[in-house]
Amino acid sequence: MKHKILVLAYPGSGKTYLADHYKNISDFEFQHYRYDYGELKHLPLEQLKGRTEIRTNNPDWPHNFFKALDGELKKGRIVLVPFATSLLKILNHLETSSGTRIIFAIQNKDFFEQLAENFRNRGNSDEFIERRRNDFQKCHEIIANSKFEKVYISNNEFLEDALSRIGVKFEEGQGLKNYV
C-alpha cells in the first residue's frame, strides 16, 4: 500500500507543474468544490480565482471537497492542495485523517513580489493578487505554529526541489489536474 501524502502548498508554488510531469501527482484545486461559477465555469481556472462577483457558494462545501480529497489519497497519489487562510476549516479534517503525511509548503517570506508577478503573468485578477498579499504573512504564521510537517521553498528552488529534499518521490509521467 502506498503512503498517503497531502501537501498544502501556497498558490504559485508549482503544483500544476508537478501534475504536468509526474503521474503520482493530483493537483487538487478547491475552487470548483467551494464555489459555483454558473455559466462561466468553462473559463480557465486562473481567470476564475478571486472573482467574487461571478461566483456563489456551493451548498455542498466542504463535504464535497473532503469526499473527493479522501478518494484521491486512497488512490496513492500525492495530493497537492493550495493553502490559504480561507481554508483553515480543512485543518480539523486533516487532524482526523489517519495515516496521511501532511506537509505545508510555502515560499520564503521575502518572495511575495515575485509571486505577485507570476500571478499576473498567469492571468490572475488584481483582487486575487491582493488577497494573496494580505494572506501570505498570515499563512506563514499558521504554518510556523502548526504541528504538521513544514518545508520552506527557497528563492532558488521550486516546490519539486523542496519536496524532494524531504524525501517525497515522484514518478515520471502525466499526473491529474483535479479541477472538476
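Remarks
- Taking the stretch 119-138 as the range and being at pLDDT 90 or above and either closer than 21 Å to V79 by Cα or polar (S, T, N, Q) (or both) as the test, only N121 passes.
- Scope the stretch 11-47; condition surrounded by fewer than 18 Cβ atoms within 10 Å (Cβ to Cβ) and assigned to a strand (DSSP E or B); matching residues: D36
- Just one of the numbered conditions (1) crowded, with 20+ Cβ neighbours inside 10 Å; (2) in contact with a His (Cβ under 7 Å, 6 or more places away or on another chain) is not true of F66: (1).
- Residue check for V151: among the β-branched types (V, I, T), part of a loop (DSSP other than H, G, I, E, B), buried (at least 18 other Cβ atoms within 10 Å of the Cβ) and touching a residue at least 40 places away in the same chain (Cβ under 8 Å): no
- Residues of the stretch 9-42 satisfying the condition of being among the hydrophobic types (A, V, I, L, M, F, W, C), farther than 20 Å from N156 by Cα and modelled with pLDDT of 85 or more: A19, I25, F28
- Restricted to the stretch 101-121, and to residues there that are in a strand (DSSP E or B) and not aliphatic (A, V, I, L, M), the residue that is surrounded by the most Cβ atoms within 10 Å (Cβ to Cβ) is Q107.
- Filter result for I102 (hydrophobic (A, V, I, L, M, F, W, C) and at pLDDT 90 or above): no
- Scan of the stretch 48-73 for residues that are part of a helix (DSSP H, G or I), charged (D, E, K, R), touching a residue at least 60 places away in the same chain (Cβ under 8 Å) and more than 29 Å from E171 (Cβ to Cβ), ordered by number: none
The values are calculated or read from the model by the stated rules, or taken from the named source; none is laboratory data. Source: prediction; values computed, not measured. With ideal geometry, Cβ positions are generated from the backbone for all residues, glycine too; neighbour counts draw on all protein chains shown.
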